[in-house]
1. What FRET efficiency would be calculated for the residue pair residue 618, residue 139, taking the C-beta separation as r and a Förster radius of 60 Å, to the nearest 0.05?
2. Given a Förster distance of 30 angstrom, what is the FRET efficiency for residue 386 paired with residue 710, based on the Cβ-Cβ distance and rounded to 0.05?
3. Given labels modelled 7 Å from the Cα in the Cβ direction, how far is it in nm from residue 149 to residue 206?
4. Need one number: nm distance between label points at residue 242 and residue 602, each 7 Å from Cα along Cα→Cβ, rounded to one decimal.
5. Can you give me the Cα centroid spacing of region 129-169 and region 613-654 in angstrom?
6. Report the gain in length on full extension from residue 548 to residue 364: 0.36 nm times residue separation, minus Cα-Cα distance, nm rounded to one decimal.
7. Within the set 439/584; 306/493; 22/429; 447/640, which residue pairs have Cα atoms separated by over 22 Å?
8. What order do you get for 67, 363 when you list them from fewest to most C-beta neighbours inside 10 Å?
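Any read-out appearing in this document is the output of simple, stated calculations on the displayed coordinates, not a laboratory observation. This structure is a prediction, so every number in the text was calculated from the model and none was measured. When we count neighbours, we look across all protein chains shown, and the Cβ atoms used for this are built from the backbone with ideal geometry, even at glycine.
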Amino acid sequence: MSDVKETRFRVGGMDCASCASKIDTAVRRMPGVAEVSVSVTAGTMRVQHDATSDLEAIRRKVSGLGYSVTPAAEDAEKSAAEHVHGPGCNHDHGHGHKHDHGHDHAGHDHKPKASAVEGLHGHDHGPSEGPWWKGRKGRLTILAGAALVVAYGVGHLFPAIETYAFVIAMFVGLVPIARRAIMAALAGTPFSIEMLMTIAAVGAVIINATEEAAAVVFLFLVGELLEGVAAGKARDSIRSLSALVPKTALLEDGGRTTEVPAEGLAVGAVILVRPGDRISADGTIIDGESAIDEAPVTGESTPVRKEVGDTVFAGTVNGEAALRVRVTAAAADNTIARVVKLVEEAQESKAPTERFIDRFSKYYTPGVVVVAALVAIIPPLFFGGVWSEWVYKGLAVLLIGCPCALVISTPAAIAAALSAGARRGLLMKGGAVLEGLGKLTAIAFDKTGTLTEGKPVVTDIVAFSTLADEVLRLAAALEAGSSHPLALAILGKAAAEGIAPPVAGGARALGGKGVAATVEGREVFLGSPRAVAETVTLSDEVKTATAALNDDGKTVSMLVVDGVLAGAIAMRDEPRPDAAAGLKALKDAGIRTIMLTGDNARTAKAVGAELGIEVRAELMPEDKQRIVGELQREGYVVGKIGDGINDAPALAAANVGIAMGGGTDVALETADAAILHGRVGDVALMTDLSQRTMRNIVQNIVISLGLKGVFLVTTVVGITGLWPAILADTGATVLVTLNALRLLRPIRG
């Protein structure tokens with residue numbers, strides 16, 4: 001539908017898969033809603049809806065389930081004009097500026113309603129922020145535990161009222177659970193874990209197992225609390241990136257330096273970054289040179305040398321010298337903010353395995369209820385079993401069958417992997433992409449800017465009739481002020497060698513040939529070998545040297561001084577330092593690698609030979625797309641890596657398209673995945689992370705189903721009861737979550 005809109009909400013209090021399932025089911029039934037994606041780890045909900053959909057009604061529905069809900073920051077700004085604000089609200093509609101009036105919609109009638117409903121329904125999902133004991137869930141668990149201890153004490157002192165003491169202790173924890181179960185049932189989820197828990201606890205009371213009923217409720221709350229703490233770690237791992245950005249910045253304005261909030265920095269502003277300070281915004285260095293520690297953001301162990309014209313990222317640490325930086329992105333749009341947003345959105349996108357588990361659980365949970373009922377009814381009804389004994393076993397089966405561990409097995413692993421990847425600069429847009437990366441059997445690379453640095457550098461200076469330093473000095477004089485890539489390479493080499501070029505007079509460009517000028521009273525010309533050959537006779541020795549450089553894929557410029565060939569300068573776009581090792585890692589993993597480039601065949605083959613990669617050169621964009629299709633028809637699962645612009649057709653045709661480098665808008669938005677920091681070796685890390693994630697998911701499924709299978713058998717034969725049953729469910733959920741969190745460990749490569 002052309003009128004479909006999309007709104008994102010922040011949902012507070014979600015910490016398990018059943019939370020997301022209940023919200024998904026309830027919102028999906030609302031009028032005008034086309035699609036819903038809920039992420040537990042990101043704490044977000046994305047709703048696709050038409051113009052008739054009532055967003056306030058959606059908020060009320062989610063609040064009715066006991067969760068706090070507010071529009072995500074970007075949607076709150078976008079929809080601000082649709083709400084009535086007080087006169088003190090200085091919203092700058094339509095300009096994309098961040099609101100700076102110091103509130104978070106507290107007065108907009110969103111949060112109060114959510115909180116009021118939350119309090120009304122007694123939902124015990126507390127916030128994930130702060131110590132666990134300060135959250136609502138933590139306080140309820142402590143209260144239920146205290147009530148259980150008191151019940152034991154009362155039962156010991158007054159045995160006659162022991163049963164009542166345990167019933168009261170049970171209800172302390174069960175009432176909020178039962179309320180959530182009822183609200184979920186009314187919203188379309190009758191077989192929620194809360195409902196199974198409520199039935200089991202009430203059933204235990206009916207058969208006079210009150211002590212176990214109270215203990216089971218307490219253990220259930222402990223399990224949920226542990227799930228919340230574990231889920232919070234996955235959520236915080238990516239959000240902690242935001243904390244890297246300083247709260248304040250030193251703004252230069254009119255010759256004065258003022259400390260201002262970093263979130264208010266405008267694009268184009270100039271900030272001062274002192275040695276040792278964190279950089280407060282994405283920007284470009286306009287004055288100064290320093291080593292930048294990018295480890296907090298990229299994991300790069302060695303500081304990176306940055307000078308005028310280089311890009312710096314918010315959250316990185318300046319080294320030994322002061323820098324003046326021109327801001328290139330507002331706080332809401334800097335690299336870290338975009339990474340956090342994209343990872344949260346990716347966590348809302350389910351992998352094929354996750355979608356299968358979701359579908360399976362919809363049949364699994366009602367099936368568990370049926371099996372538990374049969375266990376409770378058939379033996380006493382047809383085989384003379386004792387009712388209380390078999391009802392007890394049926395209740396235990398009900399608890400064993402809770403699907404929490406199974407349902408969380410996949411999203412927990414995927415969320416942890418996405419977060420770990422993002423901290424390394426590896427962005428994968430959803431579980432499907434993460435899953436697909438591990439299945440790649442062939443990867444096609446662009447050359448320029450992907451396998452190579454993307455800018456030429458001087459590789460050789462050949463002296464014919466003067467010294468090499470003099471060749472470079474005079475060439476730099478001719479190129480001063482030029483922005484041509486080859487000119488910049490020569491000027492960069494001169495600067496690196498500490499050579500100050502003299503002033504050139506009467507500089508003139510000779511179309512298609514080169515550049516000429518008068519330098520220190522001499523006529524100097526720098527141009528292509530073909531242009532030089534028109535005025536100077538090239539010896540066989542010179543021709544041989546030039547051909548050898550050309551065979552290495554290098555561009556050669558020759559310098560003529562007063563009609564005499566002085567020397568030559570060779571330049572080439574050099575491979576990235578880690579390109580050869582990165583390609584070898586892929587080959588060692590059994591993945592075919594191939595270079596697809598529009599460059600001339602000689603240059604491409606020279607780079608390909610150095611890197612040890614198959615080469616296809618002189619290709620148009622449609623040729624790259626065609627070759628990707630040919631590889632797929634040969635049975636390969638193909639990944640395409642490029643800059644996200646001229647490789648767009650091939651990126652789209654590949655099974656997984658990966659944009660390389662820079663943190664640019666194109667790199668972040670065009671392809672299925674992005675490698676922000678331009679390391680070829682990160683491609684192998686990305687595929688390895690995918691494979692480790694899929695192994696982790698398999699382990700989680702085995703843990704969850706295996707434990708349930710074991711305790712199901714031991715319960716039916718009478719070895720275990722309600723306590724081990726709830727421990728099996730809670731224990732499996734915690735084990736699965738902790739196993740998934742192993743993926744959060746830093747990625748090394």
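1. Details: r = 69 Å, r/R0 = 1.15.
So, using R0 = 60 Å, E works out to roughly 0.30.
2. On the way: r = 24 Å, r/R0 = 0.81.
Computed FRET efficiency for residue 386 and residue 710: 0.80.
3. 3.3
4. Output for this residue pair reads 5.5 nm.
5. Using only Cα atoms, the two centres lie 64 Å from each other.
6. Numbers: separation 184, 0.36 × 184 = 66.24 nm, distance 6.95 nm.
Gain in length upon complete extension: 59.3 nm.
7. Details: 439/584 18 Å; 306/493 16 Å; 22/429 24 Å; 447/640 12 Å.
Beyond 22 Å: 22/429.
8. Working: 67 25, 363 9.
Going from sparsest to densest Cβ surroundings: 363, 67.
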